[in-house]
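Here the structure is laid out as C-alpha cells; the discussion comes afterwards.
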Amino acid sequence: MSFQLPPTILFDLDDKILAYDAVAEDCWEKVCYQFATKVPGLVSGQLLDVIMETRRWYWSDPERNRRGRLDLHAARQEVVSAAFARLGINAPMVANELADSYAVVREKMVKPIPGAIETLGQFRDEGVKLGLVTNGSAELQRAKIDRFGLGSLFGCILIEGEFGVGKPDERVYRHSLEQLKASPSETWMVGDNLALDVEAPQRLGIWSIWVDWAQTGLPNQSLIQPDHIIHKIAELVSKADG
C-alpha cells in the first residue's frame, strides 16, 4: 500500500519516536536482579514476574493510568509496594529504593527508535506540518524532547501536563489542529494506543495510523479499527508516494 503524504501529521512521542515502554521490562529485570539480594530468600525472577503482573493491573485502570502518568514517581512507588505486598514482603525502604533505581535506569535506556528522527526530518523538509501530541507530565516529557533535540521538528508540541488535559479529550486534537492551521480531513494521527491515538482522532475525521511496535497485532475482536497499521514510523517513508 502506498499513499500521498498529507499536509499535516500528528505524532505521539513514546515508542514511536523514542523507545520508552519498549525498554521497560529490561529495566525492571535489571533492578530486580540488583535488589533481590537485599531481601532474604527472594529470587529476582519471582520479583520480576510479580512486578510485571502488578504493572499490568495498575495501568489497566483508566483513572490510575491518568493519575500515574502525571506522577510516574508515585506510580512506580505504588507498583513496587503492591508487588512487595503480594509477595508478603514488609520492606518499604527497599521497595522505595528499588522504584527510584528503576527510574534512573529507565531514563538512561531511553533512546531514539532507529530511523524515527530521520523520518520526521524528511517530512519537515518536504513541507509537511508536524505536531507532537503526548500524554504525561510536563517535566518528564519536556526533558525528553529537549534531550534529543526534537523541538525544532514540530510546529506544535502539546504535552498533557502543560495543556491541562490529555488524550483522548477532543480539545487536545482541536488545539493542535488550530495551532497548525490544519483541518481534520488533511491530517494523520500516528500513535500506538488504540483508544487514544486511533479511536479518538477518528471521531474528528482524522486518518489514524496505529503503530504496533510490539508486533502483537490487533486484539481479538477489536472494535477499534485503524486506518492503517505499521510497526515503526520509518515505514511511512517507503510507503509514501511523494
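The values are calculated or read from the model by the stated rules, or taken from the named source; none is laboratory data. This structure is a prediction, so every number in the text was calculated from the model and none was measured. Cβ atoms come from the backbone with ideal geometry, glycine included; neighbour counts cover every protein chain shown.
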Region 1-39 - residue that is among the small types (Gly, Ala, Ser) and in contact (Cβ under 8 Å) with a residue 40 or more places away in the chain and, of those, nearest to residue 159 (Cα to Cα): 19
Which of the residues that make up region 215-242 are hydrophobic (A, V, I, L, M, F, W, C), assigned to a loop (DSSP other than H, G, I, E, B) and closer than 15 Å to residue 190 by Cα? 224, 233, 234
Region 14-44, subset among the β-branched types (Val, Ile, Thr) and more than 20 Å from the chain's Cα centre (by Cα), residue surrounded by the fewest Cβ atoms within 10 Å (Cβ to Cβ): 37
The one condition residue 214 fails out of (1) modelled with pLDDT of 95 or more; (2) under 17 Å from the mean Cα position of the chain (by Cα); (3) surrounded by fewer than 16 Cβ atoms within 10 Å (Cβ to Cβ) is (1)
Need pairs with beta-carbon distance below 9 Å; first residue in contact (Cβ under 8 Å) with a residue 60 or more places away in the chain and under 17 Å from residue 143 (Cβ atoms) and within region 70-92, second assigned to a helix (DSSP H, G or I) and not small (Gly, Ala, Ser); sequence gap 6+ or separate chains. 70/160; 72/140
Those residues of region 45-63 which are within 18 Å of residue 135 (Cα to Cα), free of Cβ contacts under 8 Å to residues at least 24 places away in the same chain and either surrounded by 15 or more Cβ atoms within 10 Å (Cβ to Cβ) or of a type in the set (A, V, I, L, M, F, W, C) (or both) amount to 59
